[in-house]
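Student: Could you have a look at this structure, given as C-alpha cells, before my questions?
The values are calculated or read from the model by the stated rules, or taken from the named source; none is laboratory data. Quick caveat, the model's predicted, so the values are computed rather than measured. Cβ sites come from the backbone with ideal geometry, for glycine too, and all protein chains shown count toward neighbours. Ligands, DNA and RNA are stripped out before the accessible areas are found, and what is left, the full protein with its side chains, is counted by its heavy atoms. Shrake-Rupley method; radii C 1.70, N 1.55, O 1.52, S 1.80 Å.
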Amino acid sequence: MPTTTKNCSICELENTIQFQTDRDATHETCERCGEFLLTRSALVIYQQEISKDKAAKVSGWVYHQNRLGIFPAILDSDSL
C-alpha cells in the first residue's frame, strides 16, 4: 500500500506518515498523536466542525489510547 508523508489530519504536525488502506480510510503515524485510523467521512466532519481546543483533546485521546496499547479507529463523528 502506498505511503506518503504530510501533515497529521488531527494535529497538523508536519512529516506524519500516512498509509493508504484497503478501506475508505488512512492509517496515520504522527509523532505527537501516535498511530490511528481515520475514515474519509470522519475527516470531512473533523475538518469542518472541530475547534483547536477539540483537536487538542482528540490528539490527546489518540495518544493515551496508544499508551494503553490500543490502535484507535476514528470512523465517524461519534468517535470525535
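Student: Report the per residue volume, in Å³, of the convex hull enclosing the C-alpha atoms of the chain. Kindly include the intermediate steps, with their values, before the conclusion.
Tutor: Numbers: hull volume 6.6 nm³, N = 80.
For the chain, the hull spanned by Cα atoms encloses 82 Å³ per residue.
Student: Given +1 on the Cβ of Lys and Arg, -1 on the Cβ of Asp and Glu, and no further charges, what dipole in debye does the chain carry about its Cα centre, rounded to the nearest 20?
Tutor: Values: 8 positive and 11 negative charges, 31 e Å.
Its charge dipole is roughly 140 debye.
Student: Are there GluC sites (Glu not before Pro) in the chain that DSSP puts in a loop and that have at most 11 other Cβ atoms within 10 Å, and which ones? Kindly include the intermediate steps, with their values, before the conclusion.
Tutor: Values: sites: Glu12, Glu14, Glu28, Glu31, Glu35, Glu49; in loops: Glu12, Glu14, Glu31.
Counting only loop positions with at most 11 other Cβ atoms within 10 Å, the GluC sites (Glu not before Pro) in the chain are Glu14.
Student: Moving to a separate point now. Dipole of the stretch 39-80, Cα-centred, from +1 at each Lys and Arg C-beta and -1 at each Asp and Glu C-beta, to the nearest 20 debye? Please report the intermediate quantities before stating the final value.
Tutor: Values: 5 positive and 4 negative charges, 36 e Å.
So the magnitude is around 180 debye.
Student: Along the charge dipole of the chain, Cβ charges K/R +1 and D/E -1, which of Gly69, Ile17, Tyr46 sits furthest on the positive end?
Tutor: Of the listed residues, the answer is Gly69.
Student: List, in order, the whole-Hz ³J(HN,Hα) value for each residue of the stretch 58-73 obtained from phi through the Karplus relation with A = 6.51, B = -1.76, C = 1.60 and θ = phi - 60°; use x for Gly and Pro.
Tutor: Listing the rounded values in order: 5, 4, x, 4, 4, 4, 5, 4, 4, 4, 7, x, 9, 9, x, 10 Hz.
Student: Over the chain, with every protein chain in place, what whole percent of the accessible area is carbon and sulfur at 1.4 Å, could you tell me?
Tutor: 49 percent
Student: Quote the relative contact order of the stretch 1-48 in percent (integer), defining contacts as alpha-carbon pairs under 8 Å separated by 6+ residues. Intermediate results must be reported in sequence, preceding the final value.
Tutor: Values: 76 pairs, mean separation 12.5, N = 48.
Dividing the mean separation by the residue count of the stretch 1-48 yields 26 percent.
Student: Give me the percent relative contact order of the chain, please, defined on Cα pairs under 8 angstrom at least 6 residues apart. Before the final figure, lay out each step's value.
Tutor: Details: 127 pairs, mean separation 20.3, N = 80.
It rounds to 25 percent for the chain.
Student: Hey, another quick one. Counting only residues 5 or more places away or on other chains, whose amide H sits under 5 Å from the amide H of Leu13 once H atoms are built in the peptide plane?
Tutor: Cys8
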